[in-house]
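Handing you a structure now.
The values are calculated or read from the model by the stated rules, or taken from the named source; none is laboratory data. As the structure is a computational prediction, the values presented were derived from the model and not from experiment. Here the Cβ positions follow ideal geometry from the backbone for every residue, glycine too, while neighbour counts run over all protein chains shown.
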Amino acid sequence: MIVDMRLRPPIPGFARSTLYQAGPKTSHPDFPVEPSVGQCSLPLLISEMDAAGVAVGVVPGRYSMEPFGIVSNDELATLFADHPGRFVGFMGLDLGWPMQRMLDEIDARVGTPGFRGVALEPTISADASFCGMNDKRLYPIYEACVKHGVPVSVTLSAVLQAFTKRPYEHSNPVQAYQVAIDFPGLDIVIAHAAYPWVMEMIGVCLTCPNVWLSPDLYLTNVFPGAQEYAKAAATYLPRRTLFGTGYPAKPFKPMIDAYAAWGWPQDVVAAILGGNAARLLRLADQ
C-alpha cells in the first residue's frame with residue numbers, strides 16, 4: 001500500500017492558494033505536474049492516484065499566512081466523508097484562536113472519520129508572534145496530542161519562509177529537538193523535512209526517536225542534499241522515513257520511481273512508500 005503523506009487536493013482552500021499557481025521555486029522538467037492540477041479536478045486526481053497505485057492521500061489542514069491561507073477542518077471533514085479511506089489527514093489549528101478553542105477542536109475532531117493528527121505551521125502562522133514549534137504557548141497542544149495518541153505534523157522549509165517573507169532561520173529544525181525531548185510520547189512529523197536544513201534535520205531524527213523524516217518532494221535527486229536524506233533513510237531511519245509527493249508540486253508515478261531509485265532494499269522501499277505511514281497513522285484501524 002502506497003501512502004502519500006503530503007497531498008493537497010484541489011478542494012477550494014487549496015485551489016485558491018499559491019499551490020495551484022505556476023511558479024519556479026520547486027518546479028523541474030523531470031517532474032511535470034499532473035493534468036488534474038491544471039484542471040483543478042478532484043475526480044481526475046483520484047484517477048491519477050489509482051493509476052500510480054497510491055491508496056491513501058494524507059491531507060493537512062492549514063490556517064496560515066497568505067499566499068497559503070486557510071484550508072478549514074470543515075472542508076477536510078467533507079472530503080473525508082465523501083471519500084472514506086481514500087483521504088485522511090491532520091486537522092489544522094489557527095494559532096490566533098484562544099487555546100481552549102484549539103483544545104476543544106482537537107477533542108471534537110480526534111476519532112471522527114479521517115482525522116489522524118494535528119497540523120501546525122507556526123513559522124508562517126497568521127499570528128506572526130509565533131516563530132517556531134518550540135514556543136511554550138504550543139505545549140498544551142502537544143499535551144492534547146499525547147492524551148489522544150495522535151501525531152503532530154509541523155511544516156518547516158525555507159521555501160515557505162520565502163513565500164511569506166518570514167525569517168529564513170525560522171525554518172531550522174533544531175526547534176523540534178526540545179519539543180521531542182519534552183514530549184517523548186509524541187510522534188512528530190516534520191513535513192518538507194525542513195529543507196534545505198538537511199543535516200540539521202537528520203541530526204534531530206538521529207537523537208530523537210519520536211521525530212519522523214518526511215522530505216516529500218525534496219527526496220529526489222534533482223534537489224541538492226537529497227542524497228543525505230536517502231542515506232539516513234537506508235541506515236538509521238528506515239522505519240521513520242515517509243513518502244510524499246507534495247502534490248500538486250510533483251506527480252505521483254515519477255515520485256514513486258524517484259524514491260525507489262535510491263537503491264534501498266525492497267523491504268525499506270515498502271516501508272517508506274507506505275508501511276511506515278500506515279503504522280504512524282494507524283490506518284489498519286480505519
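Considering Arg6, Arg101, Arg62, which residue is under 26 Å from Ile190 (Cβ atoms) and in contact with a His (Cβ under 9 Å, 6 or more places away or on another chain)? Quick ask: steps written out before the conclusion?
Details: Arg101 fails: in contact with a His (Cβ under 9 Å, 6 or more places away or on another chain); Arg62 fails: in contact with a His (Cβ under 9 Å, 6 or more places away or on another chain).
Arg6 is the lone residue from the list that is under 26 Å from Ile190 (Cβ atoms) and in contact with a His (Cβ under 9 Å, 6 or more places away or on another chain).
I would also like to ask the following. Could you tell me which numbered condition Val56 fails, if it satisfies all but one of (1) at pLDDT 95 or above; (2) in contact with a Ser or Thr (Cβ under 7 Å, 6 or more places away or on another chain); (3) of a type outside the set (D, E, K, R)?
For Val56, the exception is condition (2).
Still on this structure, please answer the following. Out of the residues in region 112-143 that are without any contact (Cβ under 8 Å) to a residue 24 or more places away in the chain and assigned to a loop (DSSP other than H, G, I, E, B), which is surrounded by the fewest Cβ atoms within 10 Å (Cβ to Cβ)? Before you say what the answer is, go through the steps one by one.
At the first step, the residues of region 112-143 found to be without any contact (Cβ under 8 Å) to a residue 24 or more places away in the chain are 129, 135-136.
Of the ones still in play, those that are also assigned to a loop (DSSP other than H, G, I, E, B) are 129, 135.
On the way: Ser129: 10, Asp135: 15.
That would be Ser129.
Go through region 50-86 residue by residue and tally those that are over 24 Å from Val159 (Cβ atoms), touching a residue at least 60 places away in the same chain (Cβ under 8 Å) and under 19 Å from the mean Cα position of the chain (by Cα).
Residues flagged as over 24 Å from Val159 (Cβ atoms), touching a residue at least 60 places away in the same chain (Cβ under 8 Å) and under 19 Å from the mean Cα position of the chain (by Cα) within region 50-86 amount to 4.
What helices (runs of 4 or more DSSP H) completely inside region 11-82 contain at least 3 residues that are buried (at least 16 other Cβ atoms within 10 Å of the Cβ)? Full working, then the answer.
On the way: elements: 12-15, 35-39, 42-52, 73-82.
The helices (runs of 4 or more DSSP H) meeting that bar are 12-15, 42-52, 73-82.
Mind checking which pairs have a first residue in region 166-179 that is within 13 Å of Phe130 (Cα to Cα) and a second that is aromatic (Phe, Trp, Tyr) and surrounded by 14 or more Cβ atoms within 10 Å (Cβ to Cβ), Cβ under 9 Å, 6 or more apart or different chains?
Ser171/Tyr195; Ser171/Trp197
Let's see how each residue does on (1) of a type in the set (Asp, Glu); (2) more than 22 Å from Ile124 (Cα to Cα); (3) surrounded by 17 or more Cβ atoms within 10 Å (Cβ to Cβ):
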site	(1), (2), (3)
His148	no, yes, no
Pro151	no, no, yes
Thr155	no, no, yes
Leu160	no, no, yes
Arg166	no, no, yes
Ile181	no, yes, no
Pro196	no, no, yes
Cys205	no, yes, yes
Cys208	no, yes, yes
